[in-house]
Amino acid sequence: MSAAPRNWGKWGTDDQRGTLNYITPEKIRQSAALVKTGRVYPLAIPLKAGGPLWPGRHENWHVATHRNLCGPGAGGAEDILMIHTHGSTHVDALCHVFTDGTLYNGYNASDAIDSRGAKRNAITNIGAIVTRGVMLDVAGHRGVEHLEADHIITPDEIETVAAAQGVAIGSGDAVLFRTGWLKVWNEDKQRYNARQPGPSLDAARWAGEREVAVLAADNSAVEAFPMADGLVVHYEFLRNQGGYLMELLDLDALARDKVYEFQFVVAPLNITMGLGSPITPLALC
């Protein structure tokens with residue numbers, strides 16, 4: 001990609017948090033003011049074997065161990081999970097995607113990443129995210145259950161949907177795109193995996209101009225795919241801007257209740273040297 005990295009050095013040469021720097025204490029306090037009803041919407045899809053995930057990743061594996069099911073005396077049971085950290089609703093660490101051997105903020109990938117994980121831009125730099133969330137129901141705005149597979153969400157469409165919903169997007173916000181594409185998973189898994197709608201490269205640049213902290217969606221990559229130039233939103237938003245991408249969110253309940261603005265809360269697992277993490281995002285309104 002020819003565009004120069006937008007935020008490298010903006011918060012210092014040692015920065016590993018990227019756009020989370022936009023989320024100030026004042027921003028967090030402002031997001032708390034959005035909680036008026038006390039309603040909480042969990043936005044994670046079920047974490048299970050056979051759920052949707054990026055094509056080519058191994059399916060999640062889940063088994064339960066148990067003892068003394070019939071008594072007498074004490075018994076117990078627990079889970080064993082083997083999953084990709086990117087194998088369900090998840091957040092990408094800033095080390096997840098890179099180009100030309102270089103991570104966000106100019107770190108050398110060969111120095112930062114090995115088989116143990118990441119020494120730079122790891123998931124542990126997130127801690128927790130609490131900010132204002134805005135859900136853009138692009139499918140609902142168009143009056144369809146889901147967008148067509150080749151639909152590309154442009155900056156003009158983002159602004160049109162936001163205006164129709166009566167919301168504006170500002171610094172430190174998390175912007176969540178509802179394409180409706182999760183519905184396709186239960187109908188035709190091959191179709192779901194072959195092609196997906198999502199935001200364009202220009203949309204990622206638009207987000208950078210507005211200092212958006214997080215882009216999220218209900219598909220497998222946030223962005224539309226496949227694209228001829230690869231994962232262009234990942235390269236631009238994550239690698240160039242230090243922005244956070246969250247994938248496979250269930251936004252249908254928010255759309256049903258027309259909840260477009262809320263406090264958005266996410267805490268990844270504290271995985272040492274982790275390159276991503278499963279999450280359960282919460283929308284509080």
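Points to keep in mind about this one:
- Scanning the stretch 100-126 for residues that are of a type in the set (G, A, S) and part of a loop (DSSP other than H, G, I, E, B) turns up G101, S115, A122.
- Filtered by the rule that a residue be more than 15 Å from the chain's Cα centre (by Cα) and closer than 18 Å to M246 by Cβ, the stretch 182-196 gives W185, Q196.
- Residue tally, condition surrounded by 10 or more Cβ atoms within 10 Å (Cβ to Cβ) and among the small types (G, A, S), over the stretch 13-48: 4
- When T85, T37, T19 are checked against the criterion of being within 22 Å of A174 (Cα to Cα) and in contact with a Phe, Trp or Tyr (Cβ under 7 Å, 6 or more places away or on another chain), a single residue qualifies: T19.
- W181 crowded, with 18+ Cβ neighbours inside 10 Å, touching a Pro at 6+ places or on another chain (Cβ under 7 Å) and closer than 30 Å to G12 by Cβ: no
- Checking E148 against (1) in contact with a helix residue (DSSP H, G or I) (Cβ under 7 Å, 6 or more places away or on another chain); (2) part of a loop (DSSP other than H, G, I, E, B), the condition it does not meet: (1)
- Single residue of the stretch 110-129 satisfying the filter (in contact (Cβ under 8 Å) with a residue 12 or more places away in the chain and small (G, A, S)) that is surrounded by the most Cβ atoms within 10 Å (Cβ to Cβ): A118
- Of all residues in the stretch 1-51 being in contact with a Leu (Cβ under 6 Å, 6 or more places away or on another chain) and part of a loop (DSSP other than H, G, I, E, B), the one that is modelled with the lowest pLDDT: I45
- Unmet requirement for V214, which otherwise passes all of (1) in contact with a strand residue (DSSP E or B) (Cβ under 6 Å, 6 or more places away or on another chain); (2) under 16 Å from H146 (Cα atoms): (2)
The values are calculated or read from the model by the stated rules, or taken from the named source; none is laboratory data. Given the structure is predicted, the values throughout are model-derived calculations rather than measurements. All Cβ positions, glycine included, derive from the backbone under ideal geometry; neighbour counts span all protein chains shown.
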